[in-house]
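Notes for the one structure printed next.
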């Protein structure tokens, strides 16, 4: 049995009920997706835990390009008997973090939905990468969730303070915490974020210790962790799906598979927030359309010259801008192709139906 508010139910979702639950559909109940696996779902609701599938109409919409429910989503479902439910509606997401999936196809992948806080995890022993961190923070800021940088495996680092200082410079305005999941009290810096009803997601590449953090916070082995390789001090990646885990504190924790590649999509607001120091310098340029090249009175060039702006950070900013423009162009093409495919399917299905006017 769960109280909906302990699962993250807020007025934002309550206000959507009237739209989707008319008087003749009072059998629908709200539930939260705790796990998704090949089209089947595990839901948490007031009655406890149920397994679910998509209702026909929702499955048909997904086949035409609509988004499937993902872990963290709030849905409206109806009982189908024998501990089975059918999902009829997916409520509008309050926050979502998305990326472009790797490969030739341009597919937007929802990594997490309805998350309040996102722990961006990097390890202090070998995984620390400021450029990857900047890329991830841009996507997290775009999601609407609050980013927190978590530097794991402090027990394997002789002096974490200089590294933490570098991270703080690369993540202005973002809390940075040094933790260890294998030391008593080593996770206390991030425990204040785990309030009742708050949903926290962990993202980071394989081997940074996300699963170990999840198990330590849950107080039990909820996620299998393989042994650390002697060659590089990295645990072998074991998380293969996203799962929403209720914690003893009342918070909900969402672990994600390791992601070495975070391909950018259109995230102008997120990029501006992740690089707000560069955006602030740009606002100080003499000309509003300054390209930070040969224009006189360029505050960005001056900051690069006097060293107050790190050249590597500025190159990262420009690189992510180029990636976003490229991704936006690919997405536009993908949207047009998907729409053409959808209408071809609609016309094909229409031709296959018997003409009722001749009956």
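The values are calculated or read from the model by the stated rules, or taken from the named source; none is laboratory data. These numbers come from a predicted model, not from an experiment. Please note: Cβ atoms are built from the backbone with ideal geometry, for glycine as well, and neighbour counts cover all protein chains shown.
Looking only at region 135-159, residues that are farther than 15 Å from residue 207 by Cα, touching a helix residue (DSSP H, G or I) at 6+ places or on another chain (Cβ under 7 Å) and modelled with pLDDT of 95 or more come to 3 in all. Going by the conditions given, is residue 68 surrounded by 14 or more Cβ atoms within 10 Å (Cβ to Cβ), outside the structural domain of residue 192 (by TED's automatic domain parsing), in contact with a helix residue (DSSP H, G or I) (Cβ under 6 Å, 6 or more places away or on another chain) and modelled with pLDDT under 90? Yes, satisfied. Inside region 162-196, residues that are farther than 19 Å from residue 118 by Cβ and in a loop (DSSP other than H, G, I, E, B) make up a count of 6. Scanning region 246-260 for residues that are modelled with pLDDT under 90 and not in a loop (DSSP other than H, G, I, E, B) yields a single hit, 255.
When the test is whether a residue is in contact with a helix residue (DSSP H, G or I) (Cβ under 6 Å, 6 or more places away or on another chain), modelled with pLDDT of 90 or more and either surrounded by 18 or more Cβ atoms within 10 Å (Cβ to Cβ) or not assigned by TED's automatic domain parsing to the domain that holds residue 246 (or both), residue 44 passes it. Against the definition (free of Cβ contacts under 8 Å to residues at least 24 places away in the same chain, farther than 25 Å from residue 308 by Cβ and either touching a helix residue (DSSP H, G or I) at 6+ places or on another chain (Cβ under 9 Å) or surrounded by fewer than 19 Cβ atoms within 10 Å (Cβ to Cβ) (or both)), how does residue 185 come out, yes or no? When the stated conditions are applied, residue 185 passes them. Of all residues in region 141-158, none are over 16 Å from the mean Cα position of the chain (by Cα), under 24 Å from residue 270 (Cα atoms), in contact (Cβ under 8 Å) with a residue 12 or more places away in the chain and surrounded by fewer than 19 Cβ atoms within 10 Å (Cβ to Cβ). Here residue 212 meets the list (1) at pLDDT below 90; (2) on the phi < 0 side of the Ramachandran plot; (3) within 20 Å of the chain's Cα centre (by Cα) almost entirely, failing just condition (1).
Say whether the condition of being in contact with a strand residue (DSSP E or B) (Cβ under 6 Å, 6 or more places away or on another chain) and either modelled with pLDDT of 90 or more or outside the structural domain of residue 148 (by TED's automatic domain parsing) (or both) is met by at least one residue in region 227-245. Yes, the conditions are met somewhere in region 227-245. Looking at region 261-351, the helices (runs of 4 or more DSSP H) lying wholly inside it that each contain 1 or more residues that are surrounded by fewer than 14 Cβ atoms within 10 Å (Cβ to Cβ) and modelled with pLDDT under 90 sit at 268-274. Pick from region 15-41 the residues that are closer than 17 Å to residue 81 by Cβ and loosely packed, with under 15 Cβ neighbours inside 10 Å: which of them is modelled with the highest pLDDT? Result: 40.
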